[in-house]
1. When you check residue 380 against the structure, is it of a type in the set (A, V, I, L, M, F, W, C), more than 30 Å from residue 139 (Cα to Cα) and surrounded by 22 or more Cβ atoms within 10 Å (Cβ to Cβ), yes or no?
2. I'd like to verify a number: residues in the range 519-567 that are of a type in the set (Val, Ile, Thr), under 30 Å from residue 367 (Cα atoms) and in contact (Cβ under 8 Å) with a residue 60 or more places away in the chain, how many?
3. Which condition does residue 419 not pass, out of (1) more than 14 Å from residue 494 (Cβ to Cβ); (2) open to solvent by 30 Å² or more (accessible area, probe 1.4 Å); (3) assigned to a strand (DSSP E or B); (4) β-branched (Val, Ile, Thr), if it passes all the others?
4. Give me the residue from the range 454-469 that is open to solvent by less than 30 Å² (accessible area, probe 1.4 Å) and part of a loop (DSSP other than H, G, I, E, B) and, out of that set, farthest from residue 533 (Cα to Cα).
5. Is there a residue in the range 340-354 that is of a type outside the set (A, V, I, L, M, F, W, C) and over 30 Å from the mean Cα position of the chain (by Cα)?
6. May I ask you to say which residue of 299, 321, 328 is of a type outside the set (Lys, Arg) and either in contact with a Ser or Thr (Cβ under 6 Å, 6 or more places away or on another chain) or within 15 Å of residue 351 (Cα to Cα) (or both)?
7. Taking only the range 516-525 into account, find how many residues are in a loop (DSSP other than H, G, I, E, B) and under 15 Å from the mean Cα position of the chain (by Cα).
Amino acid sequence: MSLDELADKEASSPEEIQLVQSDAKFRSFSPPPIPIPAAPGIRSLVDSVSDERLDVIASHQRENGSISTVSSTVSSLESEKAAYEFLAQTPIKSTDAHLVEFSEAMRTVAKALRRVAEGKAAAQAEATEWKRKYELEMAHKQQSKVKGCGSYINNDLDKLASQLTLDTAASDQLGCCGKHGICSHEVLQDEVPGPIPRSNHKMVGRKASFKLSWGCNGDKNGQHKHDFVSFEKGDITTTERSNKQILLKWESQPQTVLFITKPNSNSVRVLCAEMVRWLKEHKNINVFVEPRVSKELITEDSSYNFVQTWDNDDEIKLLHTKVDLIVTLGGDGTVLWAASLFKGPVPPVVAFSLGSLGFMTPFLSEQYRDCLDNVLNGPFSITLRNRLQCHVIRDAAKEELVTEEPILVLNEVTIDRGISSYLTYLECYCDSSFVTCVQGDGLIISTTSGSTAYSLAAGGSMVHPQVPGILFTPICPHSLSFRPLILPEYVTLRVQVPYNSRGSAWASFDGKDRKQLSPGDALICSISPWPVPTACLADSTTDFLRSIHEGLHWNLRKSQSFDGPRD
């Protein structure tokens, strides 16, 4: 029975009064676990309860005439009054330490959840801002591109031809061929006759046109889908996907070949001189070489003054308008260097194997005459190797659009910790979706052509080069559950160094052009619309499987003996 109930109920017997008295004493020395604050008017409550009980006792005394009952009742009332006074003076407090620790822990959890919610909101807002800036940048570049080639959009081919001419002399005005409804020829200035051609004279013929046809064997097996003429006047852009092999068929004879060679190699220098002379004398092909190679050839023999080269970067930007075919002499690094010279469309590449592994160099140098004959006459299989277009956006570009020139990579872009002893801390987004935070040695964003390079060494999968995708491979992650991903080709990846990162990160593009990424900087990667078309020895799949068998000795082991146990 509680003290409050006792205040409203009349005591009927001495035993009950004794029970109440003992209960009151017990409660006075056993406080409940939950703190009970003192009532604001406890003193007035004690006085009112005492007066009411005295009246009850007096009436009970008159009825029963018991002196002992009165004394016991008075003593119980004094004990009860003392209990109320004790409650008024000393508020009851909890002595359970576990509840205090639990309340502190809950407070800490609430603070952490609040910080996480604030951080998520801030990250979403920042991702939206980066996406807006990237879209503005793309729109600005697209607008500049449209303004620069407005004559092309309006099918003004004569004006376009005059803009693409290297010399200031006016070019011949020729009309569209009209065979396919879209002119696929690019009119350039013909070779200027002269008594002695100079090595630095720009001898440019007509750019050859071609078709791309779908089908394992072209039109022969009935699997032919359709032909199309490139809208870029003989330059290859990304086409619709197909599960068939891609064949390149020339519509006009190639006129110009660019040679890219591996430096500091005597065997490569001798082979280059032999191939250049054979193409000029037997095929009447104009030959472009690098300035370094041109100097070497002319120094060795002055009769090589027919080779052409370029003098500055502005001429390199127009190189794709003059070159029909690229021949590389070296390894995969030479193919990467050749692709890096072209920021836009890339002519077909015929890669001769003069390196170590040769994943992208299927042709043998000893058979170069037969190989070049087959390629020049066509048709031949090609592999469209996608490239990554990378933009470095600095933290200073928050208020205005300040970005660096885009960088194109054929294999991969690597973000690592450099010389820092701290783990790399990167935030990764796919379009507007958060992917993960990378904590480890770094991250590799690779094309499918680069799947057999650094990405494979870091634990990534080998992927056929014509599979449309982007490889997302961590480098020594600080988590066993962090496995590589393969993302679709149409997404845009953003890798940002957060502001709370302990150190900077470093980005390298195909193993070169190393750039520092400070906290707040970001790297944006997407598939470039201009792939690198490489000629195949047989077809894309056969060449790929040959390269992993011969270059990596993939799944090479001894066969089981025939004298083992049998069923």
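The values are calculated or read from the model by the stated rules, or taken from the named source; none is laboratory data. Quantities reported herein were computed from a predicted structural model and do not represent experimental measurements. Cβ: placed from backbone, ideal geometry, glycine included. Neighbour counts: every protein chain shown. Please note that ligands, DNA and RNA were not included when accessible areas were found on the heavy atoms of the full protein model with its side chains. Shrake-Rupley method; radii C 1.70, N 1.55, O 1.52, S 1.80 Å.
1. Here the answer is no, as residue 380 does not meet what is asked.
2. Looking only at that region, the number is 4.
3. Result: residue 419 fails condition (3) only.
4. Among residues in the range 454-469 that are open to solvent by less than 30 Å² (accessible area, probe 1.4 Å) and part of a loop (DSSP other than H, G, I, E, B), the one farthest from residue 533 (Cα to Cα) is 460.
5. yes
6. 328
7. 1
This table checks each residue for (1) of a type outside the set (Val, Ile, Thr); (2) part of a helix (DSSP H, G or I); (3) open to solvent by less than 10 Å² (accessible area, probe 1.4 Å).
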residue	(1), (2), (3)
500	yes, no, no
507	yes, no, yes
514	yes, no, no
534	no, no, yes
549	yes, yes, no
